[in-house]
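The values are calculated or read from the model by the stated rules, or taken from the named source; none is laboratory data. Just so it is clear, the structure is predicted and the values come from calculations on it, not from any experiment. Quick reminder, even Gly has a Cβ in these numbers, built from the backbone with ideal geometry, and neighbours come from all protein chains shown.
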Amino acid sequence: MSLALGSLFTFDNSYLRDLGELCVPWDAAPAPEPALVALNEELAAELGADAEALRTPEGVAVLAGNAKPEGAASVAMAYAGHQFGGYVPRLGDGRALLLGEVLDTRGQRRDLHLKGSGRTPFARGGDGKAPLGPMLREYVIGEAMHALGIPTTRALAVVGTGEQVARDRMEPGAVLTRVAASHIRVGTFQFAAATRDTGLLRRLADHAIARHHPAAAEADNPYLTLYTSVVEAQAELIARWMLVGFVHGVMNTDNMTISGETIDYGPCAFMDAYDPATVFSSIDHGGRYAYGNQPGVAQWNLARFAEALLPLLGEDSDAAITVATEVLLSFADRYDRHWRAGMHAKLGLADAPEDTSLVDDLLTLLQERKADFTSFFRVLSRAAAGDPEPARALVGEGFDAWSERWRAALPARAGTEVATAMDRVNPVYVPRNHLVDEALTAAVAGDRAPLDRLLAVLARPFEERPGLEAYALPAPPSFGSFRTFCGT
Ligand code: AMP
Ligand code: MG
């Protein structure tokens, strides 16, 4: 069924036009009884879509994959990827489709993508489906990241399909509509490079430059500049994750974007007690994607990206390797610069101190005392404003000696002004695992109220509001140690 929902979206499908070899035209599997569970009205408005129209049966049919709006040209995208370090030459959208691209109200090109929309030629052994809980999880965490100011794909809607999907047990199925700057991944480049068709690889790179890093087109070496731009974007992104305690959980090269947006919220979570070894994913036995490993893993992934780009980087491969290596090695400094600047802002410091031990010693203290990462920085602003008790309560005696050094590094006449600046960068509300769990369990059972409340809290993460104290607290001990599952 093709609907004339012209008022919903105006499509312009550049990826299919430029890179047809990297797509398989494909339709979604029908959802027997589509029902809207969540709609992101703010994002709909940004896309120039009428939220009321999206709520109608015709709108919901589009969001479920049951109807293709005029101008959409749904395709499954091909990509490869390193999963936990092992190369898989053919991954691709196994249970997802790119519905098409729209230009939003600011003229930005955005992908509309359906996840959980049925098997595709890339499905391998999978069922092509997605359970409701994990799709709502992607919605919640993506919105939380967006509100924290961290580049991310976002959810436009989650629609229940009316079907049961088999995981550990039977669960209600759902389709997520995801909005992204694009779905071009490091794995997309790996797939294109593996075809050994340099013309195709160049077209992919040109497309990515035009879309995400247009300044590279003017550079002497556009492809090396593309590479540098992605290294810089990822260095900044990972630093932003680290500064809020976000653990992605499955940083495979197919889950790393060229745009610099966070993508694919599977077994991700926010760290509570500070510990670089924090892992939440039930399948990450070796801790490859632990909190503290994320910068190193990002650089490893960027090395795989360089390998894919090599044919475009120089006439001979030795020269290409030399220039790519130099950029790759700049990752550590780039990351460090973003992370240090972010840490200084978190601590209310105007100038970066020469001596890096102030930050390093604090992290040691937090780790020794298993202090809650989010809470500590938030109460530290109270110390800046004159009340050190809450911070001392979190890290104990060691706080005083550290605090003396910190206060000496603060701008002269520090007080409420510094505290206010700190509160602007240190969130009071993050999607804590127990809260997300509770909201999703209720929503899957049919009670949307806790989810709606949680989304409203997370939409303004820096603004402490009366009555929301419970949302700022770590999990009660009864919650135990949290695990998330990749079986999404
Ligand atoms: P992810 O772990 O979600 O990043 O997915 C890794 C790969 O597995 C991608 O190629 C997905 O399309 C594919 N995949 C994940 N779950 C399913 C599923 N239920 N059915 C088909 N393919 C899937
Ligand atoms: Mg993925």
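Brief remarks on what is shown
- Residues that are of a type in the set (Val, Ile, Thr) and either within 16 Å of ligand 2 (Cβ to nearest atom) or out of contact with any Leu (no Cβ under 7 Å at 6 or more places or on another chain) (or both) within the range 61-111 comprise Val88, Thr105, listed in sequence order.
- Residues (in contact with a Pro (Cβ under 8 Å, 6 or more places away or on another chain), small (Gly, Ala, Ser), buried (at least 21 other Cβ atoms within 10 Å of the Cβ) and within 23 Å of Gly85 (Cβ to Cβ)) located in the range 184-218: Ala193
- Residue list for the range 192-227, restricted to those being of a type in the set (Ser, Thr, Tyr) and within 14 Å of Gly314 (Cβ to Cβ): Thr198, Tyr223, Thr225, Tyr227
- Looking only at residues of the range 71-96 that are of a type in the set (Phe, Trp, Tyr) and touching a strand residue (DSSP E or B) at 6+ places or on another chain (Cβ under 9 Å), we find that the one that is surrounded by the fewest Cβ atoms within 10 Å (Cβ to Cβ) is Tyr87.
- Complete set of residues in the range 251-281 that are hydrophobic (A, V, I, L, M, F, W, C) and at pLDDT 95 or above: Met251, Met256, Ile258, Ile263, Cys268, Ala269, Phe270, Met271, Ala273, Ala277, Val279
- Scanning the range 74-86 for residues that are closer than 19 Å to Thr195 by Cα and free of Cβ contacts under 8 Å to residues at least 60 places away in the same chain turns up Ala76, Gly86.
- Helices (runs of 4 or more DSSP H) within the range 386-488 that include 1 or more residues exposed (fewer than 13 other Cβ atoms within 10 Å of the Cβ): 389-395, 398-409, 416-425, 449-458, 469-472
- Residue within the range 149-159 that is over 23 Å from Glu261 (Cα atoms) and crowded, with 17+ Cβ neighbours inside 10 Å present: yes
- Residue in the range 60-70 that is of a type in the set (A, V, I, L, M, F, W, C), part of a loop (DSSP other than H, G, I, E, B), buried (at least 17 other Cβ atoms within 10 Å of the Cβ) and in contact with a strand residue (DSSP E or B) (Cβ under 9 Å, 6 or more places away or on another chain) present: yes
- For the range 46-59, the tally of residues that are in contact (Cβ under 8 Å) with a residue 60 or more places away in the chain and assigned to a helix (DSSP H, G or I) stands at 2.
- The selection criterion, being modelled with pLDDT under 95 and more than 25 Å from the chain's Cα centre (by Cα), holds for Ala408.
- One residue alone among Gly142, Gly187, Gly149, Gly162 is under 17 Å from the mean Cα position of the chain (by Cα) and at positive phi, and that residue is Gly149.
- Across the range 114-122, not a single residue is classified as away from ligand 1 (no atom under 16 Å from the Cβ), on the phi > 0 side of the Ramachandran plot, buried (at least 17 other Cβ atoms within 10 Å of the Cβ) and over 20 Å from the mean Cα position of the chain (by Cα).
- When residues of the range 248-278 are limited to those that are buried (at least 22 other Cβ atoms within 10 Å of the Cβ) and more than 20 Å from Ser182 (Cβ to Cβ), the one farthest from ligand 2 (Cβ to nearest atom): Tyr274
- Residues that are within 28 Å of Ala78 (Cα to Cα) and in a helix (DSSP H, G or I), drawn from the range 247-292: Thr253, Asp254, Asn255
- Selection of the range 216-262 for residues being away from ligand 1 (no atom under 16 Å from the Cβ), of a type outside the set (A, V, I, L, M, F, W, C) and within 16 Å of Gly142 (Cα to Cα) yields Arg240, Gly245, Ser259, Gly260.
- Residue check for Leu363: modelled with pLDDT of 95 or more and over 15 Å from Gly245 (Cα atoms): no
- Annotation: Tyr87 fulfils all but one of (1) more than 13 Å from ligand 1 (Cβ to nearest atom); (2) part of a loop (DSSP other than H, G, I, E, B); (3) within 30 Å of Gln299 (Cβ to Cβ); the unmet one is (2).
- Residue pairs whose Cβ atoms lie under 6 Å apart, sitting 6 or more positions apart in sequence or on different chains, and linking a residue in the range 229-241 that is assigned by TED's automatic domain parsing to the domain that holds Ala208 and assigned to a helix (DSSP H, G or I) to a partner that is among the hydrophobic types (A, V, I, L, M, F, W, C) and buried (at least 24 other Cβ atoms within 10 Å of the Cβ), are Val230/Ile258.
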